[in-house]
1. Could you look through the stretch 1-23, keep only residues that are hydroxyl-bearing (Ser, Thr, Tyr) and at pLDDT 95 or above, and pick out the one that is most open to solvent (accessible area, probe 1.4 Å)?
2. Under 9 Å between Cβ atoms, which residue pairs at least 6 apart in sequence (or on different chains) link something in the stretch 68-88 that is of a type in the set (Lys, Arg) with a partner that is assigned to a loop (DSSP other than H, G, I, E, B) and surrounded by fewer than 15 Cβ atoms within 10 Å (Cβ to Cβ)?
3. Looking only at residues in the stretch 71-98 that are in contact with a Lys or Arg (Cβ under 6 Å, 6 or more places away or on another chain) and outside any helix (DSSP H, G or I), which one is nearest to Gln40 (Cα to Cα)?
4. Please go through the stretch 30-54 and pick out each residue that is at pLDDT below 95, more than 21 Å from Asp98 (Cα to Cα) and open to solvent by 70 Å² or more (accessible area, probe 1.4 Å).
5. Quick check: anything in the stretch 90-97 open to solvent by 20 Å² or more (accessible area, probe 1.4 Å), without any contact (Cβ under 8 Å) to a residue 24 or more places away in the chain and of a type in the set (Gly, Ala, Ser)?
6. Only residues that are open to solvent by 70 Å² or more (accessible area, probe 1.4 Å), modelled with pLDDT under 95 and not hydroxyl-bearing (Ser, Thr, Tyr): list them for the stretch 71-84, please.
7. In the stretch 55-70, what residues are open to solvent by 20 Å² or more (accessible area, probe 1.4 Å), aliphatic (A, V, I, L, M) and not in a loop (DSSP other than H, G, I, E, B)?
8. Can you tell me which residue in the stretch 1-47 is farthest from Ala72 (Cα to Cα), limited to those that are among the β-branched types (Val, Ile, Thr) and without any contact (Cβ under 8 Å) to a residue 40 or more places away in the chain?
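The values are calculated or read from the model by the stated rules, or taken from the named source; none is laboratory data. Note that the structure is a prediction, hence the values are computed from the model and not measured. For neighbour counting, all protein chains shown are included, and Cβ atoms are generated from backbone atoms with ideal geometry for every residue, glycine included. To get the accessible areas, we keep the full protein, side chains included, count just its heavy atoms, and leave off ligands, DNA and RNA. Shrake-Rupley method; radii C 1.70, N 1.55, O 1.52, S 1.80 Å.
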Amino acid sequence: MSDSQIFEKINQFKTLLFEYNESTNIYSKKSYNVLDHHIQDSLNLAELIQPSRIHVDMGSGSGLPGVIIAIAASSQVICIESKQKKRLFLNYVKEALD
């Protein structure tokens, strides 16, 4: 996947997060101003772990860093989340972003 495709998917993820978060609180609205920083941290992590094929994100929450790693790295990411409302969001993102 090219860098432009990665950033397009990340922007789609952000849109999904903001829309979903309007009705179901999965990410603090007070933290919106640091979301890009968290995404960049996730991209840095994806680059560091690139040689590995499978990753597990325990306590995935709103998908950081798991979703970003899945977008940016050519590896499988398994997101594990105990809260149903966050699992529903993760499944929604998985379907929407393929």
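1. Among residues in the stretch 1-23 that are hydroxyl-bearing (Ser, Thr, Tyr) and at pLDDT 95 or above, the one most open to solvent (accessible area, probe 1.4 Å) is Ser23.
2. Lys85/Thr24; Lys85/Asn25; Lys86/Thr24
3. First, the residues of the stretch 71-98 that are in contact with a Lys or Arg (Cβ under 6 Å, 6 or more places away or on another chain): 71, 75, 81, 97.
Pick out the ones that are also outside any helix (DSSP H, G or I) and you get 75, 81.
Details: Ser75: 18, Glu81: 22 Å.
Here the residue is Ser75.
4. Lys30, Leu48, Pro51
5. No, the stretch 90-97 contains no residue that is open to solvent by 20 Å² or more (accessible area, probe 1.4 Å), without any contact (Cβ under 8 Å) to a residue 24 or more places away in the chain and of a type in the set (Gly, Ala, Ser).
6. Gln76
7. Those that are open to solvent by 20 Å² or more (accessible area, probe 1.4 Å), aliphatic (A, V, I, L, M) and not in a loop (DSSP other than H, G, I, E, B): Val56, Met58, Ala70.
8. At the first step, the residues of the stretch 1-47 found to be among the β-branched types (Val, Ile, Thr) are 6, 10, 15, 24, 26, 34, 39.
Checking which are without any contact (Cβ under 8 Å) to a residue 40 or more places away in the chain leaves us with 15, 34, 39.
Working: Thr15: 17, Val34: 19, Ile39: 11 Å.
Here the residue is Val34.
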